[in-house]
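The structure appears below as structure tokens.
The values are calculated or read from the model by the stated rules, or taken from the named source; none is laboratory data. Source: prediction; values computed, not measured. So basically every Cβ, Gly included, is an ideal-geometry build from the backbone, and we count neighbours across all protein chains shown. For accessibility, only protein heavy atoms count, side chains too; no ligands or nucleic acids. Shrake-Rupley method; radii C 1.70, N 1.55, O 1.52, S 1.80 Å.
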Amino acid sequence: MTMRQIFAFTAALVFFAVPAVADQARIINIRIDGTPKFDVVYHRAKTNATGAVIGGIIGAGIQAGIEADRDGDKRKALAAHVSEDVWQSGFVKTLSETLLAKGFEPVWVEGKDSPKDAKADVYLVLFPASYGFRMVDSTTELVSAYVEFEASYASKPIAPRKSSKEPFYLTDRKQAAYDELAKETSVLNGEVEAVLSQAARRLANKIVYNVK
């Protein structure tokens, strides 16, 4: 899905899901820098120094490569059951709806550089990293849905490459063994969408309370 399609998709969702915005709503200019990727972090999350102990830095590198390949297999197994539009339906839609409910009018801008005439009351730049499933307890090896991204927001236009980025990392409270998730594939999309929505609401609340 292209960025233009994402913005059109978001506008349609918000139009049908949220009442009209009041005239006094504050404009928030939003742009996305980067594309979020679905991932499964399992073997890479384990604390395993065997490679480093046996072969030093080279051994650790080999071990990391093996773990990445094993995670790749798990990612392929779960990715087919998570919608390609889950970022839009979970994060983008929830962020727009939450901001609207709090008196902001989201204006999604395409491209890294916002037009100079695109004036707003608040400016937000999203730097998405990844979402999916990851091991959250190396002892029990339980897995949960997660999302990781950065965001810059201010009352003035944000200069590219000079903005202060705030990191966001959330995991869902629901945990399960990987094998259980691999068997109950019907729940995967919903769990990822839930944590994306939670992250969007947290970001919206931070913007409301921190940008005056």
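If you roll a 1.4 Å probe over region 155-212 with all protein chains in place, what percent of the accessible area is carbon or sulfur?
The value for region 155-212 is 46 percent carbon and sulfur by accessible area.
May I ask you to list the lysines whose Cα is less than 24 Å away from that of Lys119, ignoring any residue fewer than eight positions away on the same chain?
Lys93, Lys102, Lys156, Lys162, Lys165, Lys206, Lys212
Taking only the Cα atoms of region 119-178, how large is their convex hull per residue, in Å³? Intermediate values should be presented prior to the final figure.
Details: hull volume 5.9 nm³, N = 60.
It comes to 99 Å³ per residue, whole-number rounded.
Determine the shape class of region 97-211: with a ≥ b ≥ c the square roots of the Cα gyration tensor eigenvalues, call it rounded for a/c under 1.5, and otherwise prolate if a/b is greater than b/c, oblate otherwise.
On the way: a/c = 2.67, a/b = 2.28, b/c = 1.17.
Judged from the Cα gyration tensor, region 97-211 comes out prolate (a/c at least 1.5, a/b above b/c).
Keeping every protein chain present and rolling a 1.4 Å probe, give me the accessible area per residue for region 81-155 in Å². Present the calculation step by step, with values, prior to reporting the outcome.
Numbers: 3110 Å² over 75 residues.
With all protein chains present, region 81-155 gives 41 Å² per residue.
Given labels modelled 7 Å from the Cα in the Cβ direction, how far is it in nm from Lys102 to Gln24?
1.8 nm
Through the Karplus equation 6.51 cos²θ - 1.76 cosθ + 1.60, θ set to phi - 60°, convert the phi angles of region 145-153 into ³J(HN,Hα) values in whole Hz; use x for Gly and Pro.
In residue order, the calculated couplings are 5, 8, 8, 9, 7, 10, 8, 10, 9 Hz.
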